[in-house]
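> Here you go, one structure.
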Amino acid sequence: MTKTKKEKVPADGEEAAAADGNEKSYQELIANINPIAQPLASKKLSKKLYKCVKKAAKVKNIRRGVKEVQKFINKGEKGIVVLAGDTLPIDVYCHLPVMCEDRNLPYAYIPSKVDLGSSAGSKRPTCVILIKSHPDYQDAYDECVEEVSGLPKPL
């Protein structure tokens, strides 16, 4: 048994081009969402939410993961809850929308947990994030709150 050399990693420019080729479109992503993913953010709103998450992550003003988000919702923290629609099994986070409705927190589903994790500055996929308000990105936050609150709630 002889050892074989691994191929070299492409340069930054080539890597960016390769990453663009692997990116899925919004339509491909929503084909894989859960049946409970309502209200689902539109493509435009999803981009706004990703940008808001990115800005909040810069100033360390987010809560990430089911356990942490649940803890701070119970403590009464306010913000926008962003859930990933492609999380399996559903039982992991199906209780969070009910908690949000009880506390009048706006929440929305986005199609991809991988995109949600990367917008938060993490290499790991993330199934839920709580974005808190902050003066540095208040305009983007208010716009997201308004649009997410306007989404129709599931019955």
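> Out of the total accessible area of the chain (probe 1.4 Å, heavy atoms of protein only), what percent is carbon and sulfur?
Details: 5220 of 9890 Å².
C and S fraction of accessible area: 53 percent.
> Sort 42-48, 109-115 by the packing proxy (mean of other Cβ within 10 Å over each peptide's residues), most packed first. Please list the in-between numbers first.
Working: 42-48: 15.7, 109-115: 22.6.
Answer by packing, highest mean first, reads 109-115, 42-48.
> Taking springs between alpha-carbon atoms closer than 10 angstrom, which of Cys52, Cys127, Cys94 fluctuates most in the Gaussian network model of the chain?
Cys94
> Given (1) 0.93; (2) 2.04; (3) 1.16 as candidate values of Cα Rg over 2.2 N^0.38 Å, which corresponds to the one derived from the coordinates?
Here the calculated entry is (3).
> Please tell me the relative contact order of the chain in percent, rounded to the nearest whole number, where contacts are Cα pairs under 8 Å and at least six residues apart.
On the way: 192 pairs, mean separation 50.2, N = 155.
Answer for the chain is 32 percent.
> Using a 1.4 Å probe, what is the accessible area per residue for the chain, in Å²? Could the numbers behind the result be given before it?
Values: 9890 Å² over 155 residues.
Here the per-residue accessible area is 64 Å².
The values are calculated or read from the model by the stated rules, or taken from the named source; none is laboratory data. On a predicted model such as this, the values are computed, not experimentally measured, just so you know. We place every Cβ from the backbone using ideal geometry, glycine too, and count neighbours over all the protein chains shown. These accessible areas exclude ligands, DNA and RNA; they are computed on the full protein's heavy atoms, side chains included. Shrake-Rupley method; radii C 1.70, N 1.55, O 1.52, S 1.80 Å.
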